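Okay, so here's the structure we're looking at.
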Amino acid sequence: MLPGVTVTSASADAPSRRSEPRLGHRLEHPDREAELKQPFWRRFPVWFPFAVFGISRLFVWVAATYLSRYQIPLPIGTANIRIFYPTPADPGYNAVMTGWDGQWYRVIAEQGYPAVLPRVGWGGIDMNPWAFFPVFPMTVGLLMKVTGLPFAVVAPVLSTVIGFVAMHMLFKLVDQVVGRWEAIVAVVATSFFIASPAFSASYTESTALLGVVTVLWLLRRRQYWWVAVTLLVLSLSRNVVIAMVPVIIAHAVVRWRQGDEGPYPTRFRVAMGLLAAYAGALTWLWPTIVTIATDTPNAYNDTMLAWNIETKIKLYL
């Protein structure tokens, strides 16, 4: 042994940091305090989800543009195939991303909801815009008036922008609750999964995802009044608010089991019960609005039946 040199051996209790890949170590053990001192745009939780989602949107744009070359002309539709805005063959990216159900959102953005429900020959309610929730199309309509841009531009752009925000919030949530590596996997998987092109289409997927992630984020931060506000917006964005009821209950149970109910446990339990009941009741908000606006009992459920979809949400008002 050389004089003045102490030899130590690595053990399972004290693994050598040299044995770990540098990148892997940084991903598993991020220096969060150092990240907060960086400019906002240089922070990994900021630029990474934006970069991943941006790359995925580029892929969607290339794929949709290429595949649109093989789309046949779509003339005005029939009673079974509703096409309000005909398109030629090879219509391009924007037409592809605003087609199908996107046409209904365009009708809402440009014309609003009908005061009288359309009827088919035998007297039943026909397909109509009331089947579609208002937050996304009404926001698109407002932006169209402000910017003067057409629906085919505003709707896909807005959906994509909301998707960017949703991915940022998703990364922050998973990063803080589970870990950095899990947040990376969540964002990559969500950005590239098979139905992810809908996050750039004139659909409500991006809006609903942002709403769900925001509810989870606010629950974790215990900002319950803001949870209530976000639940309201979510209930008018897509019919998924009922899924938040077990989430709220689970949140309350976890705090109870951890003895973390605050100085007034009874008040907390009552508040959580009311919040869960409120989330459940919001499931009937849009059907109630449809019934009142059209002066037609059970209007929402009967509208959905035009697509052979029975919701069981019946309102005899």
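Values as computed for the structure displayed
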quantity: Folded to 0 to 90 degrees: helix 224-235 orientation relative to the chain principal axis, Cα; calculated: 40 degrees
quantity: Centre separation in Å (Cα based) which lies between the range 173-196 and the range 228-249; calculated: 21 Å
quantity: The chain: calculated mean residue ellipticity at 222 nm from DSSP helix runs of at least 4, using -39500 (n - 2.57); calculated: -18000 deg cm²/dmol
quantity: Using a Förster distance of 35 Å, the FRET efficiency for residue 145-residue 81 (Cβ separation, nearest 0.05); calculated: 0.70
quantity: Acute angle (nearest 10 degrees) that the helix 44-67 long axis makes with the longest principal axis of the chain, alpha-carbon atoms; calculated: 40 degrees
quantity: Most fluctuating residue given options 280, 54, 121, as computed from a GNM of the chain linking Cα atoms under 10 Å; calculated: 121
quantity: Electrostatic dipole magnitude of the range 159-317 [Cβ: Lys, Arg +1; Asp, Glu -1; Cα centre; debye, to 20]; calculated: 540 debye
quantity: Dipole of the range 36-305, positive direction: furthest Cα of 215, 115, 98, with charges on the beta-carbon; calculated: 215
quantity: Difference of contour (0.36 nm per residue) and Cα-Cα distance, residue 220 to residue 242; calculated: 6.1 nm
quantity: Structure-derived Rg and Dmax of the Cα atoms in Å - corresponding label in (i) 26.3, 87; (ii) 24.9, 101; (iii) 22.5, 79; calculated: (ii)
quantity: Computed FRET value (nearest 0.05) for residue 69 with residue 256, which takes r as the C-beta separation and R₀ as 41 Å; calculated: 0.10
quantity: At R0 = 51 Å, FRET efficiency that the Cβ-Cβ distance of residue 270 and residue 122 yields, to 0.05; calculated: 0.55
quantity: Note, ³J(HN,Hα) from phi for the range 214-220, Karplus 6.51, -1.76, 1.60, rounded to Hz, x at Gly and Pro; calculated: 5, 4, 4, 5, 5, 4, 4
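Read-outs throughout are calculated quantities, based only on the coordinates presented, and are distinct from any laboratory measurement. In this text the structure is predicted, and so the values were computed from the model without any measurement. When we count neighbours, we look across all protein chains shown, and the Cβ atoms used for this are built from the backbone with ideal geometry, even at glycine.
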